[in-house]
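Structure record follows, encoded as structure tokens.
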Amino acid sequence: MENNRPLVVCFEIEDWEEVYLRDRLTGFNMIATAEPLTTGNADLAAGAAVVSIFIHSHLNSEVMGHLPSLRLIATRSTGYDHVDLTVCDERGVAVCNVPTYGENTVAEHTYGLILALSRKIHHAYVRTVRGDFSLEGLRGFDLKGRTLGVVGTGHIGLHVIRIGNGFGMRVLACDVSEQPLLAELLGFHYVPLDQLLRESDIVTLHVPLLPSTTHLINRERLALMKRGCILINTSRGAIVDTDALLWALDEGILAGAGLDVLEGEESIAEERQLLREDVAREELIAAVRGHLLLRRDNVVITPHNAFNSDEALHRILDTTAANVRGFLEERPINLVGA
């Protein structure tokens, strides 16, 4: 560390983000790279007290073994399932996140996916750019009067509910921690998950990825859903069992799905990795499933882009800078734990 200033190394960062963070982390040494943190480039951060990462950097025991000076992992995301909190706890490494950067941003993207499916906007666009202005097969349905099921009523889920009220929708919700005063204020009703699935025309997921939520939406629960329902996922891919999703689409239980996240999306995005001799069978299966979804005309997929607005990105960086400064100045904020 030059002049005894702590070294902060930022991974998965664009040039403009590096400039923005440097202005807010004066007094620290900072290195930045656009690449995710892996064992292959971990030596770049060998002397770092802090690493800042995004969702494609997976901090496990192998990677952290290359980071002997590490004291803080500052992920620039709300979710932190890409960080092994048990290993961090064993090594005395703190982890902080960005808890509230994009509640309105992700909620707005959620409705982008809903409207693409409810009004068949993606079909209409493809048809008209080919010079075909016919309306055959493009009839959609109104959101007004439909039942919206919101799974998870945290910051994002509550914004989704507010927007749903604006469309004139009936809103049902479920959460492990109910907020009855907000339910009364916003005019929605908490119900058990099974009831929500049976009664909703559109189900949208806004829960973190935890052992208890992995494959929360499985074949058994999809079988409960109202025939012709639409499923939206802007949270984490593994919350939905992809095999079960493909089955529900084949059976016509789901009329469509809007997905900003997929199980194994890293393998799908970086297909060259699948040519490795040591590639795991699970990675190959995830890639095949993803391609099966991509080929369906009743599935709209965006590339984990729901967070990606100018305003949200600046909030992420501001919070990350505050997290790093706060920790190194012994006033930590936004810590998460195992």
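Each reported figure results from applying straightforward, stated rules to the coordinates on display, with no laboratory input. Since we're looking at a predicted model, the values are computed, not measured. Cβ atoms come from the backbone with ideal geometry, glycine included; neighbour counts cover every protein chain shown.
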Sum of side-chain charges, residue 135 neighbourhood, beta-carbon under 15 Å (Lys, Arg +1; Asp, Glu -1):
+3
In Å, the C-alpha Rg and Dmax of the chain are 21.4, 70
For the chain, built as a Gaussian network whose Cα springs stay under 10 Å, the top-fluctuating residue of 249, 222, 182:
182
Below 8 Å between Cα atoms, with a sequence gap of 6+, how large is the relative contact order for the chain in percent?
16 percent
Normalised alpha carbon radius of gyration of region 103-301 [divisor 2.2 N^0.38 Å]:
1.05
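Nothing charged except the Cβ atoms of Lys and Arg (+1) and of Asp and Glu (-1): what's the magnitude of the dipole of the chain about its Cα centre? Round to the nearest 20 debye.
On the way: 30 positive and 46 negative charges, 225 e Å.
Here the chain has a charge dipole of around 1080 debye.
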Considering only 50, 203, 129, give the residue with the highest GNM mean-square fluctuation for the chain, with springs between Cα atoms whenever their separation is below 10 Å.
129
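Give me the net charge for the shell around residue 101: Cβ to Cβ below 11 angstrom, other residues only, Lys and Arg +1, Asp and Glu -1.
On the way: positive: 76, 315; negative: 103, 311, 318.
With Lys, Arg at +1 and Asp, Glu at -1, the neighbours total -1.
May I ask for the equivalent-ellipsoid semi-axes of region 87-157, computed as the square root of five times each C-alpha gyration tensor eigenvalue and listed largest first in whole Å? List each step's numbers first, then the result.
Working: eigenvalues 320, 58, 18 Å².
Largest first, region 87-157 gives 40, 17, 9 Å.
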Listed residues 61, 118, 235, most fluctuating in the chain (Gaussian network, C-alpha, under 10 Å):
61
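Can you tell me the equivalent ellipsoid semi-axes for region 1-110? Use √(5λ) from the Cα gyration tensor, largest first, whole Å. Don't skip to the answer; put the middle values down first.
On the way: eigenvalues 99, 67, 31 Å².
Equivalent-ellipsoid dimensions as semi-axes: 22, 18, 13 Å.
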